[in-house]
Amino acid sequence: MDKIQILCDKITDQQRERLKNEGLGCQANLDNALAHYHVGKKYTRSGKYMIDNITGVIYGIKGYGVINKRRQYGTIDTIDLYYWGDYTAVEIAEISAS
């Protein structure tokens, strides 16, 4: 399975879990929590994240199609180190420290 599809599946599962835990688990919200991606020339786009096609670094976005290089969420190989269910990805180590 494609690594980017694995990331999308992880985002979808964790967002749906968060919605259910917060009491917002109606079918409309769960249907809207479906993550998908589009491959471009330089970046693969998935909602609020952009993945560099060469390096695999995951960036946040500033606006439509504009990456925010200050917001990095690891690489496509380190997706298990982050919790993807919140509004932005959070390192699991940060969650444990809280």
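The values are calculated or read from the model by the stated rules, or taken from the named source; none is laboratory data. Worth saying up front: this structure is predicted, and the values here are computed from it rather than measured. Don't worry about glycine lacking a Cβ; one is built from the backbone with ideal geometry, like all the others, and counts go over all protein chains shown.
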Going through (1) loosely packed, with under 14 Cβ neighbours inside 10 Å; (2) touching a Phe, Trp or Tyr at 6+ places or on another chain (Cβ under 8 Å); (3) under 14 Å from Gln15 (Cβ atoms) one by one, Lys69 fails only at (3)
Determine, yes or no, whether Tyr73 is in contact (Cβ under 8 Å) with a residue 12 or more places away in the chain and in contact with an Asp or Glu (Cβ under 8 Å, 6 or more places away or on another chain).
-> no
Any chance Thr88 is surrounded by 13 or more Cβ atoms within 10 Å (Cβ to Cβ), touching a residue at least 24 places away in the same chain (Cβ under 8 Å) and polar (S, T, N, Q) = no
Looking across region 1-29 at residues that are under 15 Å from Tyr87 (Cα atoms), without any contact (Cβ under 8 Å) to a residue 24 or more places away in the chain and among the aliphatic types (A, V, I, L, M), the single one that is surrounded by the most Cβ atoms within 10 Å (Cβ to Cβ) is Leu19
Show the residue pairs that are 6+ apart or on different chains and have beta-carbon atoms under 6 Å apart, the first residue being within region 48-62 and in contact (Cβ under 8 Å) with a residue 12 or more places away in the chain and farther than 15 Å from Ile11 by Cβ, the second being assigned to a loop (DSSP other than H, G, I, E, B) and aliphatic (A, V, I, L, M).
-> Gly56/Ile76
Thr78: passes all of (1) in contact with a Phe, Trp or Tyr (Cβ under 7 Å, 6 or more places away or on another chain); (2) without any contact (Cβ under 8 Å) to a residue 12 or more places away in the chain; (3) closer than 17 Å to Lys3 by Cβ but (1)
Sort out for me the helices (runs of 4 or more DSSP H) sitting completely within the chain that have 2 or more residues that are at pLDDT 95 or above.
-> 3-21
Go through (1) surrounded by 14 or more Cβ atoms within 10 Å (Cβ to Cβ); (2) polar (S, T, N, Q); (3) over 17 Å from Tyr82 (Cβ atoms) one by one and return the number of the condition Asn32 breaks.
-> (1)
